[in-house]
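The block underneath contains the structure these notes are about, expressed in structure tokens.
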Ligand SMILES: Nc1ncnc2c1ncn2[C@@H]1O[C@H](COP(=O)(O)OP(=O)(O)O)[C@@H](O)[C@H]1O
Ligand SMILES: [Mg+2]
């Protein structure tokens, strides 16, 4: 039996044969080939993911379900998750991105939550590379067209440009939904003797074996791998959302699962395995779009906009009439029974029979060898003495502000409906995105961030910094971080040096999560992001969600008032390693990022929360990409106010102004609140930078621009 | 001379036609019950300066490959007037 | 029998064809300098059950009036295979 | 005042507009599914909400305009009842020929979502009577097909009869090309029927009806309708 054709390794074939007591047949092998791909089975990364803390007082549902849920109070939860759709977006940017957005929305829906906000993480190649323009515009259009039509606002995101993504652009999609905590739908609640129902679009040959495809490197002929292109139908998705929420509201279903990778097979076998029931599926009852589909094609089709429901037989008629109202196909395709069996029938014949536990949990894990990259020390060499200060600081700042990774992303987010559903208090363009919860005082804040450059130079510190950045931004806005989701985008784990980087990144992220008490509640892994041209940078992307108890306790950014005192809190000895500034001077990616200091992060968050909640500041911004200089410019431009700033610090001025890393923030504080502010930050590094006022932003012995000029350079709307 | 070239673009077989599906549904509910199925594609007209119709067709075909057609999901057919 | 009907829809003269202009611009900047102009329209295929090709055409025409074509800005042409 | 919000498959601003009417006016709002043949009795105002009816496939608003409910919406308008189409609802109204003109793709050929400034051109309408003439208001836009177009002679007729109610403008109220997000002829953002009872506009007043969400200019819009009806208008 040539199992390798189906992406099955020898030990996997043997494991399956030994459980079955026979060799799997072809259809079964195809099913296992997809279900045991990295994308579905996490066979190389399960062990690593266990390093993440996943419990906390606010965690209602941790990893393992379709998405995580954190408690927002008043019986409401926020369900959220991020998912990658990298390979499909590289091959067919528009459709790949669109179906990525659609897929993550269904994950949220599967819990019975109404999807209320999306964010997107985009990683594009060098803007000068011939393919980048088409890839980036296709991906942005795909995200927008799908999200806009389905009516889920895209409220924020992250965009990074680097030549490492020339052939492997990344598209990570995040979605958040609101759910009543006593109405959460689970995939673990099916019982024997219930109906298995397929709701949504008809099944065609779309994206067959797409998950397996996502688990291999892109080769030149992968563009030819024909059936792997799924088409997104946001109209059908909108109908599906309304239908599923109506079914849930009327308590007609006992369990639900979205159909993502590996379609019917993964959704049904996961429900069976998690609920501990057996399942029989009749494939001749599946509504098909194409003629003559083979059973294995039906099993693995990734046709979009479908959900699998489990319901009592007595509710089927009512479910059918709701499906009819929303103009969706709906069919009972099987039933559950007692036992660990999973059997697919086609025209009366059994074509596959596998225990669900084997499909979902039977894949032998892989422990790839890990090895320190030999060039790591070299990457970290950055001699400041060899790096002259800029001759012209204004020019240096201009270069920084026009660096594509830092420049305003208006061209992207103007294409996204960020306001539909009328909950958006702060949409894209702000350090954190903020939603209101209708009928309540509290606000939900969220942020999506990544720092691949730092991860490349020091994966542990970079991983920790990535998590920390999200938490700092939330805390400054007044939002207590409740939990996070992540997408681990990495190249092949089969290269020992690359596996080491992955491992270290995860350890760094986990260390920060521990330190600040912010658990990981969901996530996704995307490996093999490399092509013959090269590998991507290590790119863990983090989406963190926090709560602001009342809108009065939200602290905005870009809100300086005349006469305010500007403070910088946090250490001055940050680092230029992997900074936007180095990139803007076309210097190689080098240096060693700041050491991660968990205590300080925790301390910072507490003080920042107090600052926001006590009204001690009029504006606040965590210092991140582009350092203090970028923070000053953004705040000044958005406030439409100037300031006179003097640094008065012995550290090198480029490091102070452009250095990145560490728990730092820029605050503007009304005169009368200065004493309170100082009390809050007593015991934490805190210096006065200057005063707000005048018509230009002047940094002593460095740069100076009029507010009008800044308005042209930095415009968020 | 200027040739008038007609390009007909349609989705490849098997590729989900989301517009066709919705249009068919709508036409049926408007009472057009004899309708069996619908496919929605693009009709692009090009006016190309070239010596011969054959070369106009060739150029149109290159334009399809370069921009007009997404070869992953679409196929096309070209007609040149007076060819 | 089922008739295969082709409907070609294009913008009326004088209606702003922003898409056509944009496509022309892109093609020119890709080096297709022989291109004079572009018009972007729709190509809809219908499969209609009917006795004769003539009646299929009639029905298709009714579908155009009812939904497929916006007469304010668009005009259309119908071809029935084997007619 | 009784409002009926029509919900087409794919509408996605229906709940937003219901929320705005309920929170700003506190009046009764009914949902009407597109397959229904009749409006609730006593309906004063019909709203066709924004969104992507039928995915906006084929042409924006085309399929929704042929929904069963549209016959009774047209009847309501014919009797002088108020009809408001926002964004996709405006597109539906033009497709249904209840308002003149068409909405073509934005000249950028991309979807645009952002706050916009509008100049109120006509305050003698049921929808704008509480605004001072020439006032600049901020309503967000979010659309792909918002370029309003009409043949030249009809455009002139529309302008001459004061049919243009909202025009895209700069914050200072200058309606030039800079203030025009989508290329609409004459910066047109919203128009009214000759009888003065059917309004279509691309910007979203329901997204500008709460300070928390960044603007309250929409409140006067809703209040205009209420005071019109309270003064005995239909
Ligand atoms: N792809 C995107 N989609 C939506 N919003 C985005 C996207 N990329 C960036 N943004 C928004 O633009 C702002 C700046 O983003 P970015 O430049 O990536 O981060 P940073 O602030 O770290 O420089 C943020 O408010 C973010 O939400
Ligand atoms: Mg899922």
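The values are calculated or read from the model by the stated rules, or taken from the named source; none is laboratory data. These numbers were taken from a predicted model, which means no experiment stands behind them. Please note: Cβ atoms are built from the backbone with ideal geometry, for glycine as well, and neighbour counts cover all protein chains shown.
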Identity of the residue in region A:380-411, within 15 Å of ligand 1 (Cβ to nearest atom) and assigned to a loop (DSSP other than H, G, I, E, B), that ends up surrounded by the most Cβ atoms within 10 Å (Cβ to Cβ) | A:406
Over region D:121-137, the set of residues outside any loop (DSSP other than H, G, I, E, B) and touching a residue at least 40 places away in the same chain (Cβ under 8 Å) is D:137
Single residue of region D:74-94 satisfying the filter (in a loop (DSSP other than H, G, I, E, B) and touching a strand residue (DSSP E or B) at 6+ places or on another chain (Cβ under 9 Å)) that is nearest to residue D:156 (Cα to Cα) | D:87
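Among the residues that make up region A:281-304, is at least one of them farther than 25 Å from residue B:15 by Cβ and within 16 Å of ligand 2 (Cβ to nearest atom)? Step through it out loud before you land on a result.
If we filter region A:281-304 for residues that are farther than 25 Å from residue B:15 by Cβ, which is where we start, we get A:281-282.
Now drop any that are not within 16 Å of ligand 2 (Cβ to nearest atom), which leaves none.
Checking region A:281-304: not a single residue is farther than 25 Å from residue B:15 by Cβ and within 16 Å of ligand 2 (Cβ to nearest atom).
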Residue hits (region D:123-167; away from every other protein chain (no Cβ under 14 Å) and within 14 Å of the chain's Cα centre (by Cα)) are D:125, D:126, D:127, D:128, D:163, D:164, D:165, D:166, D:167
Find the strands (runs of 3 or more DSSP E) located wholly in region A:413-472 whose residues include 2 or more that are more than 16 Å from ligand 2 (Cβ to nearest atom) and more than 9 Å from chain D (Cβ to nearest Cβ), and list them.
-> A:433-436, A:443-449
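Let's see how each residue does on (1) modelled with pLDDT under 95; (2) more than 16 Å from ligand 1 (Cβ to nearest atom); (3) part of a helix (DSSP H, G or I):
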{"residue": "A:39", "(1), (2), (3)": "yes, yes, yes"}
{"residue": "A:52", "(1), (2), (3)": "no, yes, no"}
{"residue": "A:57", "(1), (2), (3)": "yes, yes, no"}
{"residue": "A:71", "(1), (2), (3)": "no, yes, no"}
{"residue": "A:78", "(1), (2), (3)": "no, yes, no"}
{"residue": "A:81", "(1), (2), (3)": "no, yes, no"}
{"residue": "A:88", "(1), (2), (3)": "yes, yes, yes"}
{"residue": "A:94", "(1), (2), (3)": "no, no, yes"}
If we scan region A:99-109, do we find a residue that is under 28 Å from residue A:402 (Cβ atoms) and in contact with a helix residue (DSSP H, G or I) (Cβ under 8 Å, 6 or more places away or on another chain)?
-> no
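Being in the same structural domain as residue A:535 (by TED's automatic domain parsing), within 16 Å of ligand 2 (Cβ to nearest atom) and not in a strand (DSSP E or B) narrows it down to one of A:167, A:145, A:107, A:126, so name that one. Show your work before the answer.
Working: A:167 fails: within 16 Å of ligand 2 (Cβ to nearest atom); A:145 fails: within 16 Å of ligand 2 (Cβ to nearest atom); A:126 fails: within 16 Å of ligand 2 (Cβ to nearest atom).
Result of the check over A:167, A:145, A:107, A:126: A:107.
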Is one or more of the residues making up region A:291-311 within 14 Å of residue A:199 (Cβ to Cβ), in contact (Cβ under 8 Å) with a residue 12 or more places away in the chain and surrounded by fewer than 19 Cβ atoms within 10 Å (Cβ to Cβ)?
-> no
2 or more residues within 15 Å of residue A:406 (Cβ to Cβ): qualifying helices (runs of 4 or more DSSP H) within region A:550-663 | A:580-584, A:627-639, A:653-658
Pair list, Cβ under 7 Å, 6 or more apart: region A:108-135 residue within 14 Å of chain B (Cβ to nearest Cβ), other residue away from ligand 1 (no atom under 16 Å from the Cβ) = A:131/A:166
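Residues checked against (1) more than 9 Å from chain A (Cβ to nearest Cβ); (2) assigned to a helix (DSSP H, G or I); (3) closer than 24 Å to residue D:58 by Cα:
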| position | (1), (2), (3) |
| --- | --- |
| D:4 | yes, no, no |
| D:15 | no, yes, no |
| D:18 | yes, yes, no |
| D:21 | yes, yes, no |
| D:30 | yes, no, no |
| D:38 | yes, no, no |
Scan of region D:95-120 for residues that are outside any strand (DSSP E or B) and within 10 Å of another protein chain (Cβ to nearest Cβ), ordered by number = D:95, D:97, D:100, D:101, D:105, D:106, D:107, D:108, D:109, D:110, D:111
The residue from D:132, D:115, D:49 that alone is under 14 Å from residue D:5 (Cβ atoms) and modelled with pLDDT of 95 or more is D:49
